[in-house]
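Asks: Take a look at the following structure, please.
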Amino acid sequence: MAQVDISPDVLEWARERAGMPFDSLVQRFKKYPAWLKGKGGPTFKQLETLAATLHLPLGMFFLPAPPEEQLPLPDFRRMAGTAYGRPSTELIDTIHTCQRRQSWYRDHLAGSGAPLLKFVGSSTAGDPPAIVAGSIRTVLKLEVGSRSEAATWEEFLRLFIALAREAGILVMINGVVGNNTHRKLNPREFRGFAISDSFAPLVFVNGADTKAGQIFTLAHELAHIWIGKGGISNAAADDLPEDWNPDSAVERFCNAVAAEVLVPMAQLQNMELPGDIDLAKTTVARLFRVSTLVALRRLKDLGRLSYDAFQAAYDAELDFLKDKAKGSSGGDFYATMGARVDPHFASAVISTALEGRTQMGEAFDLLNLKNSKTFREEARRLGVTS
């Protein structure tokens with residue numbers, strides 16, 4: 001059987017890009033060491049299997065040399081406790097999927113005569129965070145009392161997502177790549193990203209994070225939409241140092257807006273909080289359905305903690321939460337396509353496919369569906385068909 005001539009450098013780049021241990025790949029492809037030495041190559045069928053194993057398009061293996069792969073969005077991340085290295089294939093593939101969906105939906109809305117969303121890019125990173133946060137709450141109709149009415153953090157997160165979607169923002173939340181439970185997303189690598197667009201702004205939140213963490217990330221990414229600057233974030237509630245990187249002003253601003261969206265200072269100032277910081281932290285977290293880390297941030301903003309005291313308390317709380325999370329399965333309440341994919345987007349894709357304006361193959365790809373049965377089930381669930 002004919003062998004395919006592949007550059008050894010490209011082969012090794014593909015393996016390293018996927019984070020696949022050398023020994024693990026050799027177990028599946030016994031001749032891989034020989035291929036790296038230029039002694040023969042895989043058959044086309046083996047190459048197809050290798051491409052699927054390493055999550056790389058088949059055509060990439062025919063490049064003469066490894067490409068300089070860049071993240072497709074501005075990178076505002078800071079790696080939490082890890083070295084800043086090559087982005088994972090999971091992150092890259094998730095961004096590409098969301099870009100395809102956002103592009104399709106944008107063209108669909110523009111072609112349908114949908115109005116521009118005036119809030120996209122309506123603010124700047126130089127505006128007062130409280131003003132921008134107030135605008136976000138107004139557009140989303142996020143009442144301050146609604147969060148305390150939610151029985152759990154999960155219930156408030158669902159409400160927050162629904163309000164953002166109704167405002168015209170595509171919200172995608174997932175803890176894995178597509179439906180592949182073997183390709184989990186790492187919240188230590190990224191917590192979310194935003195794609196700014198006046199027709200179809202998109203926010204992606206890493207569903208592998210805690211529910212309280214997802215709430216903050218959603219608020220943070222909304223701030224990115226409001227200033228019209230998309231990008232990848234590793235949003236956290238602590239203060240960023242002034243000299244962190246050239247983009248730190250944007251992330252500091254979005255963090256400040258997110259904190260104000262979730263815990264309005266005007267309401268916090270009128271509350272009678274316990275004198276004990278730990279009790280005050282718990283009270284704020286429970287009332288506003290935010291993490292204890294966000295609660296500490298707002299207590300600092302309120303003047304209850306000095307900057308140094310806040311940093312010490314924040315670091316201690318972060319260590320406590322990490323220890324608490326060990327061994328916890330967490331679960332994924334975004335286990336169905338209906339939760340992972342924005343229903344407005346899914347309904348539009350299904351409707352146009354049924355009308356013949358979108359090819360079925362493209363619809364399956366956009367919705368990550370494998371067969372007509374699941375397509376029909378989603379159509380019924382979304383009310384597109386009876």
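Every number in this text was worked out from the coordinates using simple rules, so none of it is lab data. Just so it is clear, the structure is predicted and the values come from calculations on it, not from any experiment. Neighbour counts run over all protein chains shown; Cβ positions are idealised from the backbone, glycine included.
Asks: With axes computed from alpha carbons, what is the tilt in degrees of helix 292-302 against the longest principal axis of the chain, rounded to the nearest 10 within 0 to 90?
Replies: The angle comes out near 40 degrees.
Asks: Going 7 Å from the Cα of residue 3 in the Cα-to-Cβ direction, what parts of region 14-33 have a backbone nitrogen less than 14 Å from that spot?
Replies: Residues 30-33 qualify, since their backbone N sits under 14 Å from the label point.
Asks: Which angle from 0 to 90°, rounded to the nearest 10, does the C-alpha axis of helix 44-53 make with the longest principal axis of the chain?
Replies: With both axes taken from Cα atoms, the answer is about 10 degrees.
Asks: Please give, to one decimal in nm, the separation of the simple spin-label points placed at residue 30 and residue 183, each 7 Å out from Cα toward the Cβ.
Replies: Distance between label points: 2.9 nm.
Asks: Right, here's the next one. Which order do the peptides 63-75, 272-284 take when ranked by the mean count of other beta-carbon atoms within 10 Å per residue, highest first?
Replies: Ranking, from highest mean packing down: 272-284, 63-75.
Asks: By count of other Cβ within 10 Å, fewest leading, how are 271, 265, 172 ordered?
Replies: Fewest-to-most ranking of 271, 265, 172: 271, 265, 172.
Asks: Quick one: of the DSSP bridges fully inside the chain, what percent are antiparallel, nearest 5?
Replies: 60 percent
Asks: Could you work out, for region 89-325, what percent of all Cα-Cα pairs fall into each 5 Å distance bin, beginning at 0 Å and stopping at the bin that holds the largest distance?
Replies: 1, 6, 14, 18, 20, 17, 12, 6, 3, 1, 0, 0
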